[in-house]
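Enquirer: Dropping the structure in here first, questions after.
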Amino acid sequence: MDRRTLRDRVIRDTRGGPSGLLDHRGKGRPRRLTQGRQAALQAIVGKAADPELDGLDVYVQPIPRLVELCPLVWERFGVT
């Protein structure tokens with residue numbers, strides 16, 4: 001362990017006690033889709049796709065691919 005690492009850990013221990021030495025993860029960026037929109041997207045992916053309605057190529061693969069879902073999500077939810 002080098003001096004800087006030791007110094008950083010001593011500072012963290014001094015400020016927060018033993019629990020200050022644990023790594024605290026950030027919350028991350030907020031989700032782009034709300035819970036309701038996520039449920040709607042799961043319903044789209046889970047149902048049998050209609051190629052004329054959804055514009056998905058169901059004959060190539062029964063589960064929509066990401067390449068096919070991206071434009072659909074943009075059109076319906078305005079999210080990239």
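Every number here is computed from the coordinates shown, using simple stated rules; none is lab data. What you see is a predicted model; the values in this text were computed from it and never measured. Note that each Cβ is placed from the backbone with ideal geometry, even for glycine, and that neighbours are counted across all protein chains shown.
Enquirer: How do the pairs read when you match residues in segment 1-16 that are outside any helix (DSSP H, G or I) with residues anywhere that are surrounded by 10 or more Cβ atoms within 10 Å (Cβ to Cβ), using Cβ under 9 Å and keeping only pairs 6 or more apart or on different chains?
Expert: 1/9
Enquirer: Among what's in segment 17-35 and is within 15 Å of the chain's Cα centre (by Cα) and either touching a residue at least 40 places away in the same chain (Cβ under 8 Å) or part of a helix (DSSP H, G or I) (or both), pick the residue that is surrounded by the fewest Cβ atoms within 10 Å (Cβ to Cβ).
Expert: Checking each candidate, the answer is 35.
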